[in-house]
Amino acid sequence: MSFENFQNTHKLLYSYKYTWAPIEKGYNNRTLYVNVGTGEIHEKPVSAHMKEKFTGGKGFGLKLLWEATKPTTRWNDPDNEIVISMGPICGITQYSGTGKSLVVTISPQTDIPIDSNVGGFFGPFLKFAGFDSLEIQGKADKDVIVYIDETRELIEIYEAGDESSDSHLMAEYLTETLASGEKDRLNVSVVSAGTAADNSLIGMLNFSFFDSKRKLVRLKQAGRGGIGTVLRDKKIKAIVAHSKGVTGNRNGVIDLQAIMERGKKFNREMRELDDKQCEMRSKGTAHLTLVMNDYDLLPVNNFKFGSHPDAVKISGDVWKTFFTQGVPDGCWIGCNMACAKGVDNYELRSGPYKGSKVIVDGPEYESTSSLGSIAGIFNPDFTIESNFYCDTYGICTISYGTLLGFVMECFENGILNEERTSGLKLNFGNADSAMELLHMISRGEGFGKIAGQGVHKMKEIFAANGWGDPKFMQDIGMENKGLEYSQYVSKESLAQQGGYAMTNKGPQHDEAWLIFMDMVNNQIPTFEKKAEALHYFPMFRTWFGLQGLCKLPWNDVEPEDNHTHAEPGKVPEHVDNYVAIYQAVTGNEFSKEELLRQSERVYNFQRIFDIRLGKGLRANDAQPYRAAGPVTEEEYLSRQERYDGQLFELIGKDPSAMTLGEKMAATRAYREDRYEQLLDAVYARRGWNKNGVPTLAHLKNLGMDLPEVLEVVTPLQ
């Protein structure tokens with residue numbers, strides 16, 4: 001099918017002609033606004049003030065979303081937006097991990113801004129087309145496709161046709177249709193969400209990229225917070241970016257040679273050290289599975305346990321046998337991490353595509369747990385197949401897995417039964433029922449309609465129906481702020497508990513992954529050191545989202561002498577790389593200190609955005625007790641030696657003189673008090689008051705004492 005045929009079968013609703021201009025020092029200095037309800041399309045200038053205060057990427061997304069919405073805006077209001085932004089470094093091809101986009105919207109799960117970091121080619125192509133951000137607002141009357149075409153310098157909105165909305169078919173169809181020839185397929189990228197995003201709150205976005213070695217369209221995910229649900233609520237079937245192509249310096253950088261030098265050095269590290277360290281090029285992030293199991297950190301049976309004898313069945317070595325080897329698996333051109341592994345020619349055993357042979361992207365570590373151990377399932381075929389269906393249906397794998405663990409524990413405790421689950425036996429380990437539940441969520445049928453609401457709303461529904469004890473469900477329901485936990489057991493790492501529950505958007509590990517520093521290596525033993533880590537690492541990781549960067553090249557391979565540095569956890573040589581690259585792209589003077597200040601400005605703005613929408617306070621940073629300690633007797637007894645030892649050594653009680661109930665109560669009181677002390681320490685370090693509100697003095701110091709910000713926080717000082 002050709003573009004001419006596409007035009008003949010898809011009615012053009014709105015069109016906007018723009019004039020392309022080259023990128024200067026990493027910026028286009030304009031953004032694109034598209035309203036799919038009214039058809040309004042226009043450009044907005046990016047001011048020096050906007051770059052100074054918000055930098056790019058997530059910062060631009062939050063600023064534009066703030067300006068477009070009101071304190072009363074909810075996720076399914078027409079004025080809610082999906083904003084896709086990149087950042088000045090995004091799009092260069094001379095250093096690994098530079099193809100990321102940041103997607104921001106008001107989440108249907110949390111009712112506050114969610115941000116999700118995603119690979120694929122769409123972000124760089126949108127940037128090359130001429131824009132630093134894309135704002136999508138309004139609601140269409142019928143399904144539409146938004147087409148951003150650099151080759152014709154046109155923005156168009158078409159009425160969608162009868163093509164399947166499931167992402168693997170949608171991305172393939174639009175790539176083949178809109179490319180001007182076989183070679184041009186590399187220049188088309190599609191954003192879509194599948195059928196489950198129509199019927200659940202956990203919908204996610206797929207960003208496509210054309211794998212030139214396999215000659216296949218592949219997908220990367222903006223997974224968290226229900227962004228795909230927002231896309232489908234706006235009746236957007238797809239957004240397409242069509243680029244003229246990728247050349248050496250499309251970002252208009254100041255010093256390309258400096259970037260190339262840093263890139264060559266990093267590439268050498270990957271070649272020489274990856275096989276000794278994380279094996280990213282052969283196993284991707286799935287190499288972590290057995291490591292997590294060995295340290296009691298792998299979620300098993302809804303985070304009750306941290307290890308299982310059958311974890312060897314989903315180890316990195318097992319995944320290596322499934323992944324196609326020897327191909328440059330990068331999700332952006334020039335990335336030598338090659339961690340976007342794939343399972344080729346996988347024959348599906350269930351669902352609407354049964355019998356089809358497909359490529360399955362991943363599974364990554366998060367999916368080996370969320371689509372496996374968290375449900376007590378240790379079957380690689382289940383993980384691969386459910387990974388495929390989550391992707392094409394548009395379901396966040398992390399949210400699905402965590403809600404599945406919750407549902408299964410509820411089933412085993414009598415809160416749910418077959419009558420309530422539409423006939424499904426949802427006990428731990430039941431892979432067939434877990435797969436069928438996934439298909440039911442996509443169809444919006446029976447219990448699938450309830451499960452697709454996520455853990456937070458299921459707790460409310462189950463309690464309202466009188467099915468179970470609300471306190472028990474609160475303890476075992478692994479969500480915070482409405483977002484499901486990602487896949488690490490945090491019980492023995494107080495810092496990681498904070499790294500999850502103190503996040504602005506909800507418990508996602510991309511802000512602060514501190515388990516090894518805290519639990520394994522005991523590098524941050526005091527509250528003061530934990531608070532410093534929970535300041536530095538979220539701010540440093542936020543910076544990746546401002547620039548359009550992937551975090552994996554930062555610390556998933558380290559220089560050989562990294563251990564000799566005073567702060568090896570920060571990987572100082574790689575931090576220096578990023579400082580040098582930012583300077584080389586923008587020409588601006590820059591330092592490690594200014595890097596953190598860029599992040600602090602945006603991080604505090606997001607906190608205040610949460611407050612503006614009615615959250616963002618201390619009460620919202622509370623965690624479910626399952627994240628901190630043993631909820632059930634079975635849990636306590638599974639680690640009795642550890643817990644009894646802590647009672648004696650840390651709490652000063654003699655466990656031999658206590659009943660099991662008394663031991664559990666004392667353990668809980670101690671752990672909950674420690675978390676409250678951590679909140680105090682972290683808030684103080686971040687410049688927030690005891691209620692979690694940024695102080696006026698801190699905002700002034702950051703230069704973020706903007707009138708609209710002060711209007712929100714001044715009454716709370």
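Of all residues in the range 144-170, which are crowded, with 18+ Cβ neighbours inside 10 Å and in a loop (DSSP other than H, G, I, E, B)? Break it down into steps so the answer makes sense when it comes.
The initial filter retains those residues of the range 144-170 that are crowded, with 18+ Cβ neighbours inside 10 Å, namely 144-150, 155-158, 160, 163, 165-168, 170.
Within the range 144-170, 150, 160, 163, 165, 166 meet the criteria.
So residue 85 fits all but one of (1) modelled with pLDDT of 95 or more; (2) hydroxyl-bearing (Ser, Thr, Tyr); (3) over 16 Å from the mean Cα position of the chain (by Cα); what number is the exception?
Of (1) modelled with pLDDT of 95 or more; (2) hydroxyl-bearing (Ser, Thr, Tyr); (3) over 16 Å from the mean Cα position of the chain (by Cα), only one is false for residue 85: (3).
Any idea which of (1) closer than 17 Å to residue 596 by Cβ; (2) of a type outside the set (Phe, Trp, Tyr); (3) out of contact with any Leu (no Cβ under 6 Å at 6 or more places or on another chain) is the one residue 539 doesn't satisfy?
Condition not satisfied by residue 539: (3).
Look at residue 405 and say whether it is more than 22 Å from the chain's Cα centre (by Cα), among the small types (Gly, Ala, Ser) and modelled with pLDDT of 95 or more.
no
Quick check on residue 569: is it at positive phi, touching a residue at least 12 places away in the same chain (Cβ under 8 Å) and of a type outside the set (Ser, Thr, Tyr)?
Details: at positive phi: no; touching a residue at least 12 places away in the same chain (Cβ under 8 Å): yes; of a type outside the set (Ser, Thr, Tyr): yes.
Here the answer is no, as residue 569 does not meet what is asked.
Looking at the range 418-452, which of the residues that are among the polar types (S, T, N, Q) and touching a helix residue (DSSP H, G or I) at 6+ places or on another chain (Cβ under 7 Å) is nearest to residue 352 (Cα to Cα)?
Residues of the range 418-452 among the polar types (S, T, N, Q): 421-422, 427, 430, 433, 442.
Subset that is touching a helix residue (DSSP H, G or I) at 6+ places or on another chain (Cβ under 7 Å): 421-422, 427, 442.
Details: 421: 21, 422: 19, 427: 24, 442: 11 Å.
Out of the qualifying residues, it is 442.
Please state which of the following conditions residue 76 fails to meet, knowing it meets all the rest: (1) assigned to a loop (DSSP other than H, G, I, E, B); (2) buried (at least 20 other Cβ atoms within 10 Å of the Cβ); (3) among the polar types (S, T, N, Q); (4) modelled with pLDDT of 95 or more.
(2)
Does residue 96 fit the bill of being at pLDDT below 95 and assigned by TED's automatic domain parsing to the domain that holds residue 187?
Yes, satisfied.
Would you pick out the residues in the range 262-276 that are farther than 12 Å from residue 553 by Cα and among the aliphatic types (A, V, I, L, M)?
The answer is 273, and nothing else.
Enumerate the pairs (first residue in the range 267-282 and in a helix (DSSP H, G or I); second residue anywhere and at pLDDT 90 or above and among the β-branched types (Val, Ile, Thr)) with beta-carbon separation below 8 Å, excluding pairs fewer than 6 apart on the same chain, so at least 6 apart or on different chains.
269/557; 270/557; 273/557; 280/557
Taking the range 249-289, which residues are within 21 Å of residue 129 (Cβ to Cβ) and charged (D, E, K, R)?
Across the range 249-289, the qualifying residue is only 250.
Say we look at the range 623-649 and pick out the residues that are in contact with a helix residue (DSSP H, G or I) (Cβ under 7 Å, 6 or more places away or on another chain) and in a loop (DSSP other than H, G, I, E, B); which of these is surrounded by the fewest Cβ atoms within 10 Å (Cβ to Cβ)?
Here the answer is 623.
I'm trying to understand the selection: among the residues of the range 342-351, which are part of a loop (DSSP other than H, G, I, E, B) and either of a type in the set (Phe, Trp, Tyr) or in contact (Cβ under 8 Å) with a residue 40 or more places away in the chain (or both)?
348, 350, 351
Across the range 684-706, what is the number of residues that are part of a helix (DSSP H, G or I) and touching a residue at least 24 places away in the same chain (Cβ under 8 Å)?
Qualifying residue count, the range 684-706: 6.
Has the range 360-380 got at least one residue that is without any contact (Cβ under 8 Å) to a residue 24 or more places away in the chain, part of a helix (DSSP H, G or I) and either in contact with a Lys or Arg (Cβ under 8 Å, 6 or more places away or on another chain) or crowded, with 24+ Cβ neighbours inside 10 Å (or both)?
no
Residue 384 is checked against (1) closer than 30 Å to residue 218 by Cβ; (2) assigned to a loop (DSSP other than H, G, I, E, B) and fails just one. What number does that condition carry?
(2)
Out of (1) surrounded by fewer than 24 Cβ atoms within 10 Å (Cβ to Cβ); (2) over 21 Å from the mean Cα position of the chain (by Cα), the odd one out for residue 251 is which?
Tallying (1) surrounded by fewer than 24 Cβ atoms within 10 Å (Cβ to Cβ); (2) over 21 Å from the mean Cα position of the chain (by Cα), residue 251 fails exactly one: (1).
Looking only at the range 239-248, count how many residues are assigned to a loop (DSSP other than H, G, I, E, B) and within 16 Å of residue 131 (Cα to Cα).
Total satisfying the criteria: 4.
So which pairs qualify, if the first residue must be in the range 501-513 and outside the structural domain of residue 106 (by TED's automatic domain parsing), the second must be of a type in the set (Val, Ile, Thr) and part of a helix (DSSP H, G or I), the Cβ gap must be under 7 Å, and the two must be at least 6 apart or on different chains?
502/682
May I ask you to verify whether residue 557 is among the β-branched types (Val, Ile, Thr) and out of contact with any Cys (no Cβ under 9 Å at 6 or more places or on another chain)?
It is false that residue 557 is among the β-branched types (Val, Ile, Thr) and out of contact with any Cys (no Cβ under 9 Å at 6 or more places or on another chain).
Listed residues 220, 237; which is closer than 27 Å to residue 444 by Cβ, within 19 Å of the chain's Cα centre (by Cα) and crowded, with 16+ Cβ neighbours inside 10 Å?
After applying the criteria, what remains is 220.
Would you call residue 670 more than 24 Å from residue 609 (Cβ to Cβ), aromatic (Phe, Trp, Tyr) and more than 30 Å from the chain's Cα centre (by Cα)?
Numbers: more than 24 Å from residue 609 (Cβ to Cβ): yes; aromatic (Phe, Trp, Tyr): yes; more than 30 Å from the chain's Cα centre (by Cα): yes.
Answer is yes for this residue.
So, in the range 605-622, exactly how many residues are surrounded by 17 or more Cβ atoms within 10 Å (Cβ to Cβ) and within 30 Å of residue 670 (Cα to Cα)?
Counting residues in the range 605-622 that are surrounded by 17 or more Cβ atoms within 10 Å (Cβ to Cβ) and within 30 Å of residue 670 (Cα to Cα) gives 8.
Write out, first by first residue and then by second, each pair whose Cβ atoms fall under 7 Å of each other, whose residues are 6+ apart or on separate chains, and whose first residue, in the range 59-88, is farther than 20 Å from residue 29 by Cβ and among the hydrophobic types (A, V, I, L, M, F, W, C) while the second is in a loop (DSSP other than H, G, I, E, B) and at pLDDT 95 or above.
Within 7 Å, the pairs are 75/107; 75/108; 75/111.
Which condition breaks for residue 462 when tested against (1) closer than 23 Å to residue 597 by Cβ; (2) surrounded by fewer than 24 Cβ atoms within 10 Å (Cβ to Cβ); (3) not small (Gly, Ala, Ser)?
(1)
Considering only the range 456-476, I want to know if a residue exists there that is of a type in the set (A, V, I, L, M), at pLDDT 95 or above and under 24 Å from the mean Cα position of the chain (by Cα).
Checked against the condition, which is being of a type in the set (A, V, I, L, M), at pLDDT 95 or above and under 24 Å from the mean Cα position of the chain (by Cα), the range 456-476 yields at least one hit.
With (1) outside the structural domain of residue 461 (by TED's automatic domain parsing); (2) more than 30 Å from residue 83 (Cα to Cα); (3) hydrophobic (A, V, I, L, M, F, W, C) as the list, and residue 476 as the residue in question, which single condition is left unmet?
(1)
Which residue out of 567, 573, 589, 558 is modelled with pLDDT under 95, within 21 Å of residue 285 (Cα to Cα) and surrounded by fewer than 21 Cβ atoms within 10 Å (Cβ to Cβ)?
558
Return the total of residues in the range 193-217 being within 19 Å of the chain's Cα centre (by Cα), part of a loop (DSSP other than H, G, I, E, B) and among the hydroxyl-bearing types (Ser, Thr, Tyr).
Result for the range 193-217: 1.
Could you please find all residues in the range 64-73 being over 16 Å from residue 711 (Cα atoms) and not in a helix (DSSP H, G or I)?
73
The values are calculated or read from the model by the stated rules, or taken from the named source; none is laboratory data. Since the structure is predicted, the reported quantities are computational estimates derived from the model, not experimental observations. Cβ sites come from the backbone with ideal geometry, for glycine too, and all protein chains shown count toward neighbours.
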